[in-house]
Every structure is written in structure tokens, then in C-alpha cells.
Amino acid sequence: MINTKISKIKMNFRDQLLAELSKRNTDYIASVVDNNKELFKQLIDLILTNEEFVSGRAAWVIETIWIKYPDMIKPYINEMIDFLPKSKFDNQKRHFLKMLTTINLNELDDERLGILIDRCFTWLEDPMYPTAVKMFSMQIIHNFIKIEPSLASELIAIIENQFDDGTPGFKNRGEKILKDLYKIVD
């Protein structure tokens, strides 16, 4: 009977996510989940389905919950990173990367750190990705450079190469990061 209940809740989340793409709906679902770890896990599972509309909207809800309860994502950081190369939609990437900008990269194992940094470089360099994905990728790489300063010159070159054609958001984040990176390479 409990499994049926959990299954119904999962189905209800899916249906609610599909009902409306809005901040109001996102906030509503986040308020239902609040800091309930079982319900949070159900949303994580919906993201990992990679289902159009459902997955990205569930990621938005997770980010909304994360703002209030940042520790809720800790048990899922490895899953989030492992999922990044498989993610099909930019909104998934954007929400996951935003949350991952705040983690301590020193706590990741080498394999996961490699996956994360590789994805971030790929998305930052590709002109097809939206500004938010690029900005959060840039920030994660910048955070990594504090561990591995030898990559500073590479990140500088990528940012400078895209700077003239970048959006105001890209330029704003890029200027702040470049200012710090120039200190590292001098």
C-alpha cells in the first residue's frame, strides 16, 4: 500500500510539473516537498528520466528547494555530476550547474571532478549553449582553478575569445572572473 502511495505522489509530481510552466507552480511544488527527503528524491528521479518538460521543470523545483535547504542536494551531488553528460535539455544543465557552483570541489573524487570540469569546458566553448549554462560553467572552472591554477590561462583565452560577442550577463561574469584570473597568471 505504501508503494502505491509513493507511486501516486510521483505521478502527481509529474502531472503537476506538466500542468504549468511558471514560478507559481514551481514554488507550489517546492512548498509541498519542503525538506522532505523522500519527496525530494522523487523529484531527483524525475530529473534523471531525461523526459522533456518534466525533467527540466523538476530541476527548477530542486533548485528552488536548494535555495532554502542547500544541504538537501549533498546526497545527490555524484548523481548530478554523472547525469550531466547525459542531460538532454539546457534547463537541466542550468539548474544543476548553478547548484554545483557552490560545492566544495575538493570533496569530489577525481573521476567526478574530471566529468564536471570536462562538461563545463565543453559547454563554455560551444557557441550553441545559452548564456546561463556558459556562466555557471565558467564559475565552476574558476572554482577549480583555485585547486589547479595551471588552467587559468586556458580559461582566460576562452573568456576573452567570446567576450566581444557575449551577452551582458556573460560579460559581467567574465569581467569578474578575468580580474581574478589575471592575478593568478601574473
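Read-outs: derived from the displayed coordinates by stated rules, not from any lab. Since the model is a prediction, treat every value here as computed from it, not as a measurement. Note: ideal-geometry Cβ built from the backbone for every residue, glycine included; neighbour counts use all protein chains shown.
Numbers at a glance
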{"item": "From phi via Karplus (6.51, -1.76, 1.60), per-residue ³J(HN,Hα) for the range 181-186 in Hz, x at Gly/Pro", "result": "5, 4, 5, 6, 7, 6"}
{"item": "Ellipticity estimate at 222 nm from DSSP helix runs (n ≥ 4, -39,500 (n - 2.57)) divided over the chain, nearest 500", "result": "-23000 deg cm²/dmol"}
{"item": "Three-way shape call for the range 1-79 based on the alpha-carbon gyration tensor, with the a/c threshold at 1.5", "result": "rounded"}
{"item": "Largest-first ellipsoid semi-axes for the chain, taking √(5λ) over the Cα gyration tensor eigenvalues, angstrom", "result": "33, 17, 13"}
{"item": "In degrees, nearest ten, helix 23-33 long axis to first principal axis of the chain (Cα)", "result": "60"}
{"item": "Whole-angstrom gap from the range 31-107 to the range 135-186, using each part's C-alpha centre", "result": "25"}
{"item": "Order of 66, 123 - criterion: other Cβ atoms within 10 Å of each residue's Cβ, fewest first", "result": "66, 123"}
{"item": "Whole-Hz couplings from phi, Karplus 6.51/-1.76/1.60, listed for the range 133-143; x for Gly and Pro", "result": "5, 5, 5, 5, 4, 4, 5, 5, 4, 4, 4"}
{"item": "Unsatisfied cross-links (Cα-Cα over 18 Å) in the set 93/134; 68/171; 88/134; 68/98; 146/171; 98/134", "result": "68/171; 146/171"}
{"item": "Contour minus Cα-Cα distance for residue 53 and residue 19 (0.36 nm per residue)", "result": "11.2 nm"}
{"item": "Magnitude of the charge dipole, the chain, Cβ model with Lys/Arg +1 and Asp/Glu -1, debye to 20", "result": "780"}
{"item": "Rounded to the nearest 20 debye, dipole of the range 130-186 from Cβ charges on Lys, Arg, Asp, Glu", "result": "240"}
{"item": "³J(HN,Hα) computed for each position of the range 48-60 - Karplus, 6.51 cos²θ - 1.76 cosθ + 1.60, integer Hz, glycine/proline x", "result": "5, 5, 6, 7, 3, 6, 5, 4, x, 5, 5, 5, 5"}
